[in-house]
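S.K.: The structure under discussion is supplied below as structure tokens; questions concerning it will follow.
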Amino acid sequence: MTPTEFEILLLLAESQGRVFSAEEIFKRVWKEKYFGSNNTVMVHIWRLREKIEDNPKEPKIIETVWGVGYKIES
Amino acid sequence: MIFIFWILIKVSDFKPFAVFFLNHIIFFTVLVSLFLVLLMIICFLLFTNSKMQYFEEIHRTLEYISKGNLDISIPVKKSDELSELAFTINNMTYQLRVSIEQGKNWEKTKNDLITNVSHDLRTPLTSILGYVELIVEGKYEDEESLKHYADVAYSKCKSLKTLVDDLFEYSKLNSTGMKVNKIRISLIELLEQVIIGFLPYLKEVGMEYRFFLKNEKINIDGDPVLLARMFDNLVNNAVNYGKEGKYLDIELQQEDKEAIVRIINYDNPIPQEELPLIFERFYKVDKSRFKYNNGSGIGLAIVKSIVDMHYGIVTVDSKDNKTIFEVRLPFNGLETV
């Protein structure tokens, strides 16, 4: 796991149940300005899921809240 | 009148008429009253006769209609209550005729669906049976062919499952009790989330996705799970048919009261004459030409159902090696006039 992936995991795990949008994740982990869409977050979420989920296509740990963001359920 | 007076004069036995009249004043009063009543009845009959005839006509037609002849209509003559009644009856028979026609169409669609489903279910099932039989009866030459048989059976099983899942989804969407849980969501976020699921596949087939945003934030009211499913189907369609085209483009923009999403793939354009049929269930563009096609043929029908539920519009255009699926969704998720 790369440091960035770990940071994302940490962010979500520290506030379990809270939903983080891609924009919020980007701002808190990369600490840069976010413009509309950013595939960096998408790619990292996928890689993270590949590493920790049994089936990354049906994630159970890092859940998708459609149209809102991602969360780790407590 | 003259006749009556003549009789009266006769009856009065040549006495002066005035004396006779005064003596029989009550008789005269009654006589005149009777005459007036008679006159009224005649007038009434004359006046209502045409109405009665029209009424009879309505009655006869109604009887005819009640026997199941819905093609007939009652002539609307004047603008009175009876004509209004006739107009309403005509309207009613028309509505009945339409709904009967609709019922017949539904019946036909349902039968077609069952025929298609049975066919689509039987084909992979037959082949699974065949391969599994070979395995069970030990009719394979070596480990490699055994593995091949198992692989084929497995992949057919998977496509069978896709078909059954899609069918279930489709019938669920089209049942009347289906509820749409609308909340405010970010369309960009949703599309990104859908794309994430395709990242490994895109990498595998060497495709690249590109986002084109005209606006930084587009929020709409919609059912997030249904919309995710809808975009998933569209993207799935685009990567299946466009994998030789290198790019998967997603354009997002906002107009007056709606959000517009375009999902574009290149290569393998859909023939113009097939475009209008593409959202019908089980329609697959010329199966032989697309050997990679693993869709169930219900995917785009599901897309249409979900877009309809959000009072949106989905269209497709395919030309110059470019296929564009465009979804327009009203922001508030309400019917737009």
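S.K.: Can you pull out the residues in region A:60-69 that are more than 8 Å from every other protein chain (Cβ to nearest Cβ) and either among the β-branched types (Val, Ile, Thr) or touching a residue at least 12 places away in the same chain (Cβ under 8 Å) (or both)?
M.R.: Scanning region A:60-69 gives A:ILE61, A:ILE62.
S.K.: Can you tell me which condition A:GLU73 does not meet? The list is (1) in contact with a Gly (Cβ under 7 Å, 6 or more places away or on another chain); (2) within 11 Å of chain B (Cβ to nearest Cβ); (3) over 18 Å from B:TYR209 (Cβ atoms); (4) at pLDDT below 90, and all the others hold.
M.R.: Going through (1) in contact with a Gly (Cβ under 7 Å, 6 or more places away or on another chain); (2) within 11 Å of chain B (Cβ to nearest Cβ); (3) over 18 Å from B:TYR209 (Cβ atoms); (4) at pLDDT below 90 one by one, A:GLU73 breaks only (2).
S.K.: Confirm whether B:LYS172 is in a helix (DSSP H, G or I), within 14 Å of chain A (Cβ to nearest Cβ) and out of contact with any Cys (no Cβ under 7 Å at 6 or more places or on another chain). Give the derivation first.
M.R.: Numbers: in a helix (DSSP H, G or I): yes; within 14 Å of chain A (Cβ to nearest Cβ): no; out of contact with any Cys (no Cβ under 7 Å at 6 or more places or on another chain): yes.
So B:LYS172 does not fit the description; no.
S.K.: Going by the structure shown, is B:LEU190 modelled with pLDDT of 85 or more and assigned by TED's automatic domain parsing to the domain that holds B:LEU300? Walk me through how you get there before you give the answer.
M.R.: Values: modelled with pLDDT of 85 or more: yes; assigned by TED's automatic domain parsing to the domain that holds B:LEU300: yes.
Considered against the rule, which asks whether it is modelled with pLDDT of 85 or more and assigned by TED's automatic domain parsing to the domain that holds B:LEU300, B:LEU190 comes out as yes.
S.K.: Taking region B:186-207, which residues are at the interface with another protein chain (Cβ under 10 Å from one of its Cβ atoms) and acidic (Asp, Glu)?
M.R.: B:GLU189, B:GLU192
S.K.: Provide a single number: the residues in region B:240-280 that are at pLDDT below 90 and either among the β-branched types (Val, Ile, Thr) or on the phi > 0 side of the Ramachandran plot (or both).
M.R.: Selection size over region B:240-280: 5.
S.K.: Could I ask something else about it? Taking region B:79-117 only, how many residues are among the aromatic types (Phe, Trp, Tyr) and touching a Leu at 6+ places or on another chain (Cβ under 9 Å)?
M.R.: In the first step, residues of region B:79-117 are kept if they are among the aromatic types (Phe, Trp, Tyr); the result is B:87, B:94, B:106.
Cutting the leftovers down to touching a Leu at 6+ places or on another chain (Cβ under 9 Å) gives us B:94.
Here the count works out to 1.
S.K.: Still on this structure, please answer the following. Looking at B:GLU208, B:GLU192, B:GLU137, which is the one that is buried (at least 17 other Cβ atoms within 10 Å of the Cβ) and of a type outside the set (A, V, I, L, M, F, W, C)? Break it down into steps so the answer makes sense when it comes.
M.R.: Numbers: B:GLU208 fails: buried (at least 17 other Cβ atoms within 10 Å of the Cβ); B:GLU137 fails: buried (at least 17 other Cβ atoms within 10 Å of the Cβ).
Of the residues listed, the single one that is buried (at least 17 other Cβ atoms within 10 Å of the Cβ) and of a type outside the set (A, V, I, L, M, F, W, C) is B:GLU192.
S.K.: Would you point out which residue out of A:SER21, A:SER37 is closer than 21 Å to B:PHE231 by Cβ, modelled with pLDDT under 90, surrounded by 14 or more Cβ atoms within 10 Å (Cβ to Cβ) and within 11 Å of chain B (Cβ to nearest Cβ)?
M.R.: On the way: A:SER21 fails: modelled with pLDDT under 90.
Step by step, each of A:SER21, A:SER37 is checked, and only A:SER37 is closer than 21 Å to B:PHE231 by Cβ, modelled with pLDDT under 90, surrounded by 14 or more Cβ atoms within 10 Å (Cβ to Cβ) and within 11 Å of chain B (Cβ to nearest Cβ).
S.K.: Quickly run through region B:175-185 and pick out the residues that are in a loop (DSSP other than H, G, I, E, B), within 14 Å of chain A (Cβ to nearest Cβ) and of a type in the set (Val, Ile, Thr). Before the answer, list the steps.
M.R.: Initial filter on region B:175-185 (in a loop (DSSP other than H, G, I, E, B)): B:175-182.
Still in the list and also within 14 Å of chain A (Cβ to nearest Cβ): B:180-182.
Answer for region B:175-185, where residues must be in a loop (DSSP other than H, G, I, E, B), within 14 Å of chain A (Cβ to nearest Cβ) and of a type in the set (Val, Ile, Thr): just B:VAL180.
S.K.: Determine which member of the set B:LYS77, B:LYS108 is surrounded by fewer than 15 Cβ atoms within 10 Å (Cβ to Cβ) and either among the aliphatic types (A, V, I, L, M) or in a helix (DSSP H, G or I) (or both).
M.R.: On the way: B:LYS77 fails: either among the aliphatic types (A, V, I, L, M) or in a helix (DSSP H, G or I) (or both).
Of the residues listed, the single one that is surrounded by fewer than 15 Cβ atoms within 10 Å (Cβ to Cβ) and either among the aliphatic types (A, V, I, L, M) or in a helix (DSSP H, G or I) (or both) is B:LYS108.
S.K.: In region B:199-250, how many residues are part of a strand (DSSP E or B) and of a type in the set (S, T, N, Q)? Steps first, please.
M.R.: Filtering region B:199-250 for residues part of a strand (DSSP E or B) gives B:208-213, B:219-222, B:247-250.
Next cut, of a type in the set (S, T, N, Q) only: B:219.
The qualifying residues number 1.
The values are calculated or read from the model by the stated rules, or taken from the named source; none is laboratory data. Note that the coordinates shown come from a computational prediction; the quantities given were computed from them, not determined experimentally. As a convention, Cβ positions derive from the backbone with ideal geometry for all residues, glycine included, and neighbour counts pool all protein chains shown.
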